[in-house]
Amino acid sequence: MQKHFFFDLDNTLTPSKSLIEEAHISILKQLAEHADIIVVSGHGEADIRSHLTEALHGYFYTLGQNGNRAVTKGGEVLWNNSLTKEQRDAILAFIAKARASLNYVVRDENDIIEDRDSQIAFSLIGHHEDKAKKDAFDPRHEIRFKLLKDLASDVEALKAARVEVRIGGTTNLDFFEYGKNKGYNVNMFIKKMGWKNEDCIYIGDALFPGGNDETVVGVIETHAIKDYRETYDFLKKMLS
Ligand SMILES: [Mg+2]
């Protein structure tokens, strides 16, 4: 068994943007007796901690905002990369174009963009839209792939502003500093901790091409799961 377990959060450890299911808390605690747990998410540190609940406080490292803010189990900040004003402006310009291209009516105009300092998350229909609606929105990522294809020249403009865009969660596009993706930051973290890449594994639901977990492929061993239920089936099998 590996010594260090890296996990995506949304749909890997928890249902998307929701609290961990009660039955799964003890499985993670059991894993923590044998291995390090590192949570790598587009979400910020506060969201990661609240979604995994007080019960798991102190059990995991956080690599929030795709790893652009790294914090130890005890709360020490190892690094924090903020977006510049120029990068923010480029991202907001892209989102405006995307919204014009999609032409959706959304329930709450103030629920579309979340600025998380190192990352901006754009939900095509709303971060807090009804969960069933979100799950049904783009399960095969076709809407978001098509959008990125339709706006290929704008994706290039983002790149020129040193911004990377990735499909994340159930309805999101995640924007962050170019190259500072999960794969890059996981590798930085392993080096910082003095760990070995071959002792690590990454579990995620978006390891497919274009997904926000894909960049970890090749950095350490990866294990793709369809949803969070599969994650715990995998862990239970490993721990038994
Ligand atoms: Mg995910």
Let me have the relative contact order for the chain, percent, based on Cα pairs under 8 Å that are six or more residues apart. 23
Treating only Lys and Arg (+1) and Asp and Glu (-1) as charged, each at its beta carbon, one finds that region 131-174 has a dipole about its Cα centre, in Debye to the nearest 20, of 160
If you place +1 on the Cβ of every Lys and Arg, -1 on the Cβ of every Asp and Glu, and leave all else neutral, what size is the dipole of region 85-177 about its Cα centre, to the nearest 20 Debye? 260
Quick check: the angle from helix 22-32's long axis to the longest principal axis of the chain, C-alpha only, nearest 10 degrees? 60
Relative frequency of Cα-Cα separations exceeding 28 Å in the chain, percent: 27
Give the residue list of GluC sites (Glu not before Pro) in region 1-80 that are DSSP loop and have at most 14 other beta-carbon atoms within 10 angstrom. Glu21, Glu33, Glu76
Partners for Lys226 among aspartates and glutamates (Cα-Cα distance below 19 Å; same-chain residues under 8 apart left out): Asp8, Asp10, Glu21, Asp135, Asp138, Glu142, Asp205, Asp213, Glu214
Using only Cα atoms, tell me the angle between helix 182-193 and the longest principal axis of the chain; keep it within 0 to 90° and round to the nearest 10. 40
Once phi is turned into θ = phi - 60°, what whole-Hz ³J(HN,Hα) does the Karplus curve with 6.51, -1.76 and 1.60 give for every residue of region 203-209, x standing for Gly and Pro? 10, x, 9, 10, 8, 5, x
Could you work out [θ]222 nm for the chain from helices alone, using -39500 (n - 2.57) per DSSP H run of at least four and dividing by all its residues? Round to the nearest 500 deg cm²/dmol. -11000 deg cm²/dmol
In degrees from 0 to 90, rounded to the nearest 10, what is the angle of the helix 85-102 Cα long axis to the longest principal axis of the chain? 70
Among the DSSP beta bridges whose two residues both lie in the chain, what percent are antiparallel, rounded to the nearest 5? 55
Taking the Cα centre of the chain as origin and charging only Cβ (+1 Lys, Arg; -1 Asp, Glu), how large is the dipole, in debye to the nearest 20? 360
Say the dipole of the chain comes from +1 at the beta carbon of Lys and Arg and -1 at that of Asp and Glu; which of Gly126, Val165, Leu92 then lies farthest toward its positive end? Val165
Under a 5 Å amide H to amide H cut-off, with H placed in plane at 1.01 Å, what residues pair with Arg116 once short-range neighbours are removed? Ala121
Taking amide H atoms as placed 1.01 Å from N in the peptide plane, list the residues 5 or more away in sequence, or in a different chain, whose amide H sits under 5 Å from that of Leu9. Val40, Gly42
Roughly how many Å is it from the Cα centre of region 96-124 to that of region 156-173, as a whole number? 12
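Rule-based calculations on the coordinates, nothing more; no lab input. Quick caveat, the model's predicted, so the values are computed rather than measured. Glycine gets a Cβ as well: all are built from the backbone with ideal geometry, and neighbour counts include every protein chain shown.
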